[in-house]
1. Restricting attention to the range 52-63, which residues are over 12 Å from residue 87 (Cα atoms) and surrounded by fewer than 17 Cβ atoms within 10 Å (Cβ to Cβ)?
2. Could you list all residues from the range 64-107 that are acidic (Asp, Glu) and either in contact with a strand residue (DSSP E or B) (Cβ under 7 Å, 6 or more places away or on another chain) or surrounded by 15 or more Cβ atoms within 10 Å (Cβ to Cβ) (or both)?
3. How many residues are of a type outside the set (Val, Ile, Thr) and part of a strand (DSSP E or B) when one looks only at the range 37-69?
4. Name the pairs whose Cβ atoms lie under 6 Å apart, with the first residue in the range 129-147 and within 30 Å of residue 100 (Cα to Cα) and outside any loop (DSSP other than H, G, I, E, B), the second at pLDDT 80 or above and among the aromatic types (Phe, Trp, Tyr), and 6 or more positions between them or separate chains?
5. What residue, among those in the range 33-47 that are charged (D, E, K, R) and touching a residue at least 24 places away in the same chain (Cβ under 8 Å), is farthest from residue 76 (Cα to Cα)?
Amino acid sequence: MDFKNSNVGRTMDIADLDGHSLLKKYDPEVTGSPFLKDDWVPAELTLSRGKQIGPLSIKLNMESNELHFLDSTGKEMIAADGQVKKIDCIDYYTKDSTRYVFKSGYPSIAEQNENYFYQAFTDGRIELLARKFKYIRREKNDLTGDV
C-alpha cells in the first residue's frame, strides 16, 4: 500500500508484491459490478475543507463506499475516507444526462459512519437522502452443491 498526496487529499495506491492493482478484488466468476455506473463519469468534488475541484473522472463503489478517480496521469486511485464531502456528477451516458449528488458528513447510523455517501435528492434545511448499496449474494445449486 502506498499513500500519496493529490488534489483530493491523501490517497491510497494499493498493489500486491508483483505490482498488480488490488482495486479489482472481485472473483471473475462474480457477475455484476460494485459501481453505481460502470463508466467513468465527470464529477465536481467538494473536499472536507470546502475546496471544490474537478471535473474528475470518478466511479463510486456502492459495495465498499469507496470513491475511485483517475489522477492526472490516468491512474486509478481511491480517495481516503473523510476527504470528500460532496460528489456532484452528471451521467452523460443516459438519454437525459441524469445528475447524481452524493454527500457525506451525516451522523453515524447502524453500519454507516460519517464518511458514508448518501444520494441527496434535495438541498436545504430538510434534505431527502437515499442509502444506495450493492452486495455480493452467494447462491448454491441445490442439486449439484455448486456455490
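The values are calculated or read from the model by the stated rules, or taken from the named source; none is laboratory data. Since this is a predicted model, take the numbers as computed values, not measurements. Virtual Cβ from ideal backbone geometry, glycine too; neighbours counted across all protein chains shown.
1. If the condition is that a residue be over 12 Å from residue 87 (Cα atoms) and surrounded by fewer than 17 Cβ atoms within 10 Å (Cβ to Cβ), then 63 is the only one that fits.
2. Scanning the range 64-107 gives 66, 71, 76, 81, 88, 91.
3. Residues in the range 37-69 being of a type outside the set (Val, Ile, Thr) and part of a strand (DSSP E or B): 17 in total.
4. Between residues of the range 129-147 that are within 30 Å of residue 100 (Cα to Cα) and outside any loop (DSSP other than H, G, I, E, B) and residues that are at pLDDT 80 or above and among the aromatic types (Phe, Trp, Tyr), the close pairs are 129/118.
5. 44
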